[in-house]
């Protein structure tokens, strides 16, 4: 286990899973500005670790995080405040699948971090939202852009401009989260996603994530071109061959990320 300012990282080598746990006792796991840059570096490190097949992002003490260290915003340099989205986008840049394990409060930068993850598994007692406008500011770490792209402009305006909390039921109906389960079943639900991903080719997963993220809002012909190029790259890998041979031989493939 590696301890950082505001979070810790645990690696389960047997499962190929790294778990990042936001942990600031007594302060609902607030995410400081320093922690954001440390989180970005951590996701970069895990992304380059061949032993890691998936990353889980969660919070300690029954809550994801209630948001950032608001008081520090007054003294932070302007250039740092105008580039917050880069560090918070680290889960999106990470080539490994990233799963947000959400329970309790998931607000402000916490919600923005979860939006940059690939999968969001949510407990039925969670509260999601972007309340920044009540402080005379707006979500500044990607929240306005990612939320609108995921749920539509009208819903995003309703949530952001009226400080509305998103219930787990609405989050599921809007396609904002992958699954909603009772809090007692959250770990099991996350483990199911991890198991599904761990059985697949790391190279194919990284390529799928890259193609989906890069061309999501591009014209169709650009997306099709990139998809075709990515497919051609995958054809030269050992995992591609292994997948086809396993299919023909009617056995489970053994993907090694080569």
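Normalised by 2.2 N^0.38 Å, with N the number of residues, the alpha-carbon radius of gyration of the stretch 9-138 equals 1.03.
Here the scattering of the stretch 1-73 is modelled by Debye summation over its C-alpha atoms, one equal scatterer each and no solvent; at q = 0.16 Å⁻¹ the log10 of I(q)/I(0) is -0.55. A viscosity of 1.567 mPa s and a temperature of 4 °C, combined with the Kirkwood radius over Cα pairs in Stokes-Einstein, give a translational diffusion coefficient for the stretch 131-209 of 87 µm²/s. The antiparallel fraction among DSSP beta bridges confined to the chain stands at about 30%.
Summing -39500 (n - 2.57) over the DSSP H runs of n ≥ 4 in the chain and dividing by its residue number, what mean residue ellipticity at 222 nm do you reach, to the nearest 500 deg cm²/dmol? Let's see the in-between values first.
Working: 12 runs with 113 residues, N = 258.
For the chain, the value works out to -12500 deg cm²/dmol.
Ranked by the mean number of other Cβ atoms within 10 Å of their residues, highest first, the peptides 170-180, 228-238 come out as 170-180, 228-238.
Considering every pair of different Cα atoms, what Kirkwood radius, in Å, is found for the chain? List each step's numbers first, then the result.
Working: mean 1/r = 0.0522 Å⁻¹.
Result for the chain stands at 19.1 Å.
Across the stretch 131-250, C-alpha contacts under 8 Å between residues 6 or more apart give a mean separation that, scaled by the residue count, equals a relative contact order of 14 percent.
Restricting the calculation to Cα atoms, every distinct pair contributes to the Kirkwood radius of the stretch 65-168, found to be 14.0 Å. Please state, rounded to one decimal and in Å, the Kirkwood hydrodynamic radius that the stretch 202-248 gives when every pair of distinct Cα atoms enters the mean of 1/r. For the stretch 202-248, the Kirkwood estimate is 11.4 Å.
Just so you know, all these numbers are worked out from the coordinates, no wet-lab data involved. Being a predicted model, the structure only gives us computed values, none of them experimental. So basically every Cβ, Gly included, is an ideal-geometry build from the backbone, and we count neighbours across all protein chains shown.
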